[in-house]
Amino acid sequence: MAHVAGAPGIERITLVAPGAIGFGTAFGTTDPTLVCNTSVDVTSLLSEGRSDFLDYLAARGHPVHRDDFVPRYLVGQYCRERYGQYRDRARATGTRVTHIRERAVAINSLDDGTYQVELGDGATVTGTDILFCAGSEAPRLPAEVRAHQGDPRLLESPYPADRLRRLPHDARVLVLGSKLSAIDAALVLSQQGRRHCVLTSPSATLPAVRTRLRRSAEPAIGRRDWAALDPEKSSFDGSLTRMLVRAIRRSHPTTGGVRTRSGAATATRLLHEEAQFAGEGRVPWQDIVAEVIDALNEHVPYWRPRAAADVLARYRTLMSRYISAIPVRNAKLLASHASAGRLRVAPGYPRRIERTDAGWRVHWPDGSHESFDHVVVAAGYRTRRLTGTAGRLHVGYDGDGPQPELLADLRVRFPERGSPERIWVLGAAAGARHPIVNYLRAAAQHAAVAGDQVVRPRTDESAPLAERTAL
Ligand SMILES: Cc1cc2nc3c(=O)[nH]c(=O)nc-3n(C[C@H](O)[C@H](O)[C@H](O)COP(=O)(O)OP(=O)(O)OC[C@H]3O[C@@H](n4cnc5c(N)ncnc54)[C@H](O)[C@@H]3O)c2cc1C
């Protein structure tokens with residue numbers, strides 16, 4: 001909406017989404033415990049220029065700095081309020097804006113070059129341009145508990161967090177996951193009471209700790225250096241490491257050596273150590289992260305798919321640890337819960353999780369057993385994808401069928417058709433092309449790319465620039 005509202009020639013914008021606008025999993029919360037892991041600077045609906053979110057907060061009297069990590073409900077309020085403003089702007093220029101509270105299930109290409117979107121209730125809505133921004137809201141259930149779906153002692157997601165608060169004060173809770181949603185769960189569970197909470201994941205690591213995630217005025221790595229990286233050369237890892245270390249030194253000239261290893265033996269010891277360093281302002285790597293994310297999203301799509309997949313697989317753990325680092329405030333809270341014995345990060349992932357009469361029995365890799373009352377799943381989300389062939393695309397998941405090519409301009413192209421469709425893929429589903437998409441800034445960048453094309457006058461087609469549909 002931010003990029004198309006008020007543009008001339010748009011007859012109708014139809015939003016198709018089952019819930020109210022601006023109440024998604026991340027930012028639809030009302031819980032002040034849950035804070036962003038991104039600073040205000042990059043948590044904006046407009047990716048360029050001064051942070052629009054910073055302006056929004058400042059205009060409402062919040063004493064906020066662009067480096068701050070604010071509660072996620074504030075992002076929700078910001079998105080809802082901006083949506084209302086964009087909707088009114090569109091209506092003022094004669095565009096009809098409607099929201100159909102349904103789920104899209106398929107997109108059919110019609111003979112006249114327009115599209116028909118099929119909805120969950122069997123109704124249809126047509127449009128000349130389709131923006132697919134369905135995000136990822138369906139929790140991924142690990143194989144160990146999949147058979148227990150629906151079990152009252154299995155919480156399939158930590159959200160809404162109120163359900164965690166309602167668990168008995170002395171409950172023993174196993175959380176499957178050790179990244180952002182798992183940390184939300186640990187913070188809520190450990191906040192009050194004597195609950196005993198254990199996080200477990202195959203990586204057995206927690207994210208790194210940072211005090212900010214912000215864009216730099218000057219890039220620490222030149223475009224030429226990024227472009228020179230060749231993922232197919234054996235020197236790639238060495239070149240990348242040298243480039244990043246040089247960039248860290250440049251962004252923090254007072255940094256002595258860049259520390260690449262810690263002696264901490266467990267995830268919670270490392271957390272204590274990193275929380276202390278962050279408290280002392282010793283996080284030299286953090287100021288290149290926003291730039292690295294943007295650069296990876298820009299360059300990786302042009303690498304050969306096989307080479308890109310190899311590099312991303314090699315660096316997945318490292319990337320997820322530093323790119324999705326947590327705010328120092330959360331790290332200190334977790335560290336204090338761990339010191340008080342309320343929280344533990346298991347050194348391994350269960351070999352087996354068994355449902356018993358009383359709850360759950362967990363078989364750890366070292367042969368020991370442990371009992372829990374509840375299991376909370378925080379193991380990530382399944383991303384919706386467009387799958388199918390020219391003529392009909394389903395709103396499905398990975399593996400549901402062939403996926404059309406996603407071009408640099410985020411348009412979909414079928415191998416059997418020469419020209420791309422007027423269908424754009426934004427946000428999490430654009431992960432088919434861009435490596436880092438689970439980040440509001442990435443979705444905002446996609447929206448700018450797609451919005452520019454939607455409002456650009458069509459010179460080559462006879463169909464009028466008329467109806468837009470966003471899913
Ligand atoms: C727990 C959590 C915490 C996060 N924290 C941060 C953070 O601190 N900072 C940050 O930058 N990013 C964060 N993110 C990522 C951030 O939420 C996303 O980048 C952002 O919400 C993307 O916006 P979106 O509109 O593309 O997708 P979403 O916000 O996921 O919205 C997708 C919408 O599509 C709807 N939908 C789904 N399927 C269909 C369908 N078939 N038909 C129609 N509608 C459909 C959904 O109901 C939903 O309304 C977090 C994500 C999670 C899950």
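For the stretch 267-375, which trypsin sites (Lys or Arg not before Pro) pass both filters: DSSP loop (anything but H, G, I, E, B) and at most 16 other C-beta atoms within 10 Å?
Details: sites: 269, 282, 306, 314, 316, 321, 329, 332, 342, 344, 351, 352, 355, 361; in loops: 282, 342, 351.
Sites meeting the loop and neighbour criteria: 282, 351.
Mind checking the full-extension length gain between residue 204 and residue 329? Use 0.36 nm per residue of separation minus the Cα-Cα distance, one decimal, nm. Before the final figure, lay out each step's value.
Details: separation 125, 0.36 × 125 = 45.00 nm, distance 2.11 nm.
Answer, rounded to one decimal: 42.9 nm.
Take 98, 387 and sort them by solvent-accessible surface of the protein heavy atoms, 1.4 Å probe, largest at the top. List each step's numbers first, then the result.
On the way: 98 55, 387 5 Å².
Per-residue accessible area, sorted high to low, gives 98, 387.
With the cut-off at 1.5 for a/c, could you classify the stretch 315-359 from its C-alpha gyration tensor as rounded, prolate or oblate? Working shown, then result.
Values: a/c = 3.14, a/b = 1.37, b/c = 2.29.
Because a/c hits 1.5 or more and a/b fails to exceed b/c, the stretch 315-359 counts as oblate.
Using R₀ = 45 Å, calculate the FRET efficiency as 1/(1 + (r/R₀)^6) where r is the Cβ-Cβ separation of residue 416 and residue 223; round to 0.05.
Working: r = 36 Å, r/R0 = 0.79.
Approximately 0.80, to the nearest 0.05.
Before I look further, what does the chain give for accessible area per residue, probe 1.4 Å, in whole square angstrom? Show your work: numbers first, answer last.
On the way: 21850 Å² over 471 residues.
On a per-residue basis, 46 Å².
Ordered by residue, what ³J(HN,Hα) values in Hz, to whole numbers, does the stretch 374-381 give under the Karplus form 6.51 cos²θ - 1.76 cosθ + 1.60, where θ = phi - 60° and Gly and Pro are x?
Calculated HN-Hα couplings, in order: 9, 10, 10, 8, 9, 10, x, 10 Hz.
Tell me, what % of the accessible area of the chain is carbon and sulfur with a 1.4 angstrom probe?
Working: 11080 of 21850 Å².
About 51 percent, which is the carbon plus sulfur part of the accessible surface.
Pull up all non-local amide H partners of residue 131: gap of 5 or more, or a different chain, and H-to-H distance under 5 Å with H placed in the peptide plane.
Result for residue 131 returns 424, 469, 470, 471.
To the nearest 0.05, how large is the calculated FRET efficiency for residue 264 and residue 368 if R₀ is 25 Å and r is the Cβ-Cβ distance?
Values: r = 23 Å, r/R0 = 0.90.
It comes to 0.65.
Express the C-alpha Rg of the chain as a ratio against the empirical globular expectation 2.2 N^0.38 Å, rounded to two decimals. Spell out each step's value before the answer.
Numbers: Rg = 23.3 Å, N = 471, 2.2 N^0.38 = 22.8 Å.
In units of the 2.2 N^0.38 Å rule of thumb, it is 1.02.
Which longest uninterrupted range of the chain lacks any GluC sites (Glu not before Pro) assigned by DSSP to a loop state (not H, G, I, E or B) and surrounded by at most 14 other Cβ atoms within 10 Å?
The answer is 49-231.
Between residue 309 and residue 216, what is the FRET efficiency for a Förster distance of 25 Å, r being their Cβ-Cβ separation, to the nearest 0.05? Present the calculation step by step, with values, prior to reporting the outcome.
Details: r = 29 Å, r/R0 = 1.16.
Taking R0 as 25 Å, the efficiency between residue 309 and residue 216 is 0.30.
The values are calculated or read from the model by the stated rules, or taken from the named source; none is laboratory data. All values derive from a computational prediction rather than experimental measurement. Cβ coordinates were reconstructed from backbone atoms using ideal geometry, including for glycine residues, and neighbour counts include every protein chain displayed. With ligands, DNA and RNA removed, areas are computed over all heavy atoms of the protein, side chains included. Shrake-Rupley method; radii C 1.70, N 1.55, O 1.52, S 1.80 Å.
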